Amino acid sequence: MASKQPSIAVVVLAAGKGTRMKSGLAKVLHPLAGRPMLSFPLAAAESLNPERLVVVVGRDADRVRETFADRATFVLQEEQRGTGHAVAQAERELERFNGDVLILYGDTPLIRPETLAQMAATKAETRADLVLLTAEIEVPGIVVRDEGGSVARIVEATDATPAELAIRERNTGVYLLSAELLWKTLAQIGDHNEQGEIYLTDLVGLLVRDGLRIEALQMADSEEAIGVNTRVELAEAAAVIRRRKLEQLMLEGVTIVDPAATYIDVGVEVGRDSVIEPGCSIQGECRIGTGVHLKPGCMIETSDVGDDSVIGPNAHLRPGCVLGRRVRIGNFVEIKNSVLGDGVKADHLSYIGDADVGAKASFGCGAITVNYNWLEKSRTTVGEGANIGCNANLIAPVVIGKNAAVAAGSTIGNEVPDAALAVERARQRNVEGWTARRGAGGSSGRKRKDEGETD
């Protein structure tokens with residue numbers, strides 16, 4: 001009979017300075033596939049339904065607290081004295097907690113919830129005092145096992161023998177142990193090293209010395225252990241997250257024509273039977289319906305696209321767009337902060353900004369809403385079934401009625417009633433013989449005596 005798993009608290013270390021990022025932004029706040037890096041280990045921790053979730057902060061502590069205020073308790077590591085010292089800052093917050101403590105890292109965003117659940121199950125089943133997570137990655141802590149396969153010690157690469165350096169299994173620093181044992185052992189770790197820091201890795205050696213049982217759980221997928229310390233590693237981690245996202249979507253019934261040329265953030269939802277062609281980038285918290293076709297080169301930012309719509313090629317939905325069903329947005333059309341009803345069409349070279357557009361309205365080539373007067377932005381309302389002609393300008397705030405029409409080339413600043421045609425153009429004037437007077441070939445003809453002269 002399996003042992004009952006005790007309650008869990010999670011401590012996430014996120015106080016590092018991140019100097020190798022060479023950034024004015026705290027490392028754990030750098031975006032990865034649409035979300036701050038720290039959100040990923042927090043989400044993995046939350047999957048365990050922990051009784052307590054504590055984040056140890058340091059650099060840009062206020063910004064980190066503000067970003068994740070509703071997801072964790074925060075403690076400050078004012079002086080950077082190593083990982084062991086960082087964990088110790090959470091002791092006061094957890095002084096009345098009697099379960100197991102899981103230690104994670106804010107700059108290790110790829111660890112999966114399933115891996116953490118496996119750690120908890122392993123500890124319960126084996127009754128180990130400590131479960132540590134290992135992987136075949138290039139980090140300094142070499143896991144040395146005895147003849148029976150148990151963990152004998154953790155050796156830093158700088159202190160390892162040639163035989164030990166050949167060992168591929170390394171310590172990730174992710175630990176699960178009881179709160180009582182954690183605080184007791186941390187109190188025994190000294191800072192007798194060149195850096196004068198308290199290393200969490202020393203905890204393993206102390207437990208081995210005391211004859212306690214340690215289980216090392218090796219990751220099946222070592223990329224979960226990738227840590228982010230540079231922008232190169234940030235890009236590598238982002239590529240993994242995007243790849244996972246694309247695989248998830250394809251398994252759910254979405255066609256990704258070329259995954260290597262498609263960029264979809266982790267917060268995006270896409271319905272079945274949608275098709276996403278190469279060069280598309282979907283960013284932020286987007287919702288793409290079922291049966292949607294995104295043609296090549298589209299960018300969609302924090303917007304909703306209704307079922308059976310067709311977008312692109314080379315269309316741009318800026319944040320705040322809500323498109324109904326069967327909407328058609330074509331070449332080089334830009335939509336911004338607008339609501340488009342079912343069946344709206346804007347096939348090419350249009351701009352629709354800060355607008356509310358009724359069902360089955362249409363925009364001709366080059367039609368735009370003029371939403372900004374250098375002081376403020378105003379909204380345009382286009383009624384159901386309205387037709388906006390080519391190169392028409394709608395000067396907001398303005399209302400175009402239901403089934404109304406705006407003639408091509410018109411600039412409209414006043415309300416257009418339902419079912420009316422609005423025409424606003426200068427009278428056309430033809431200058432007869434103009435080409436001949438300029439000379440054969442037009443632009444190569446004689447120069448006018450007076451550039452200001454009119455006929």
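The values are calculated or read from the model by the stated rules, or taken from the named source; none is laboratory data. Because the structure is a prediction, the values reported are computed rather than measured. Every residue, glycine among them, receives a Cβ derived from its backbone with ideal geometry; neighbour counts consider all protein chains shown.
Values computed for the structure shown
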read-out: Verdict on K360 being among the basic types (K, R), out of contact with any Ser or Thr (no Cβ under 9 Å at 6 or more places or on another chain), more than 18 Å from R328 (Cα to Cα) and modelled with pLDDT of 95 or more; value: no
read-out: Cross-chain or 6+ apart pairs with Cβ under 6 Å, the range 250-263 first and under 13 Å from V292 (Cβ atoms) and at pLDDT 95 or above, then aliphatic (A, V, I, L, M) and surrounded by 12 or more Cβ atoms within 10 Å (Cβ to Cβ); value: V254/V270; T255/V275; I256/L246; I256/M250; I256/I276
read-out: Among residues of the range 203-223, those that are under 11 Å from T185 (Cα atoms), acidic (D, E) and in contact with a helix residue (DSSP H, G or I) (Cβ under 7 Å, 6 or more places away or on another chain), counted; value: 0
read-out: Residues that are part of a helix (DSSP H, G or I) and either of a type in the set (A, V, I, L, M) or closer than 19 Å to L94 by Cβ (or both), drawn from the range 24-59; value: V28, L29, P41, L42, A43, A44, A45, E46
read-out: Sole exception among (1) more than 30 Å from L246 (Cβ to Cβ); (2) assigned to a strand (DSSP E or B) for D62, by number; value: (2)
read-out: Filtered residues of the range 162-172 (kept if surrounded by 11 or more Cβ atoms within 10 Å (Cβ to Cβ) and either among the β-branched types (V, I, T) or over 39 Å from the mean Cα position of the chain (by Cα) (or both)); value: E164, I167, T172
read-out: Count - residues of the range 125-161 that are outside any loop (DSSP other than H, G, I, E, B), surrounded by fewer than 17 Cβ atoms within 10 Å (Cβ to Cβ) and modelled with pLDDT of 90 or more; value: 2
read-out: Scan of the range 223-237 for residues that are in contact with a Lys or Arg (Cβ under 8 Å, 6 or more places away or on another chain) and surrounded by fewer than 19 Cβ atoms within 10 Å (Cβ to Cβ), ordered by number; value: N229, T230, R231
read-out: Subset tally (residues that are part of a loop (DSSP other than H, G, I, E, B) and not small (G, A, S)) for the range 292-324; value: 12
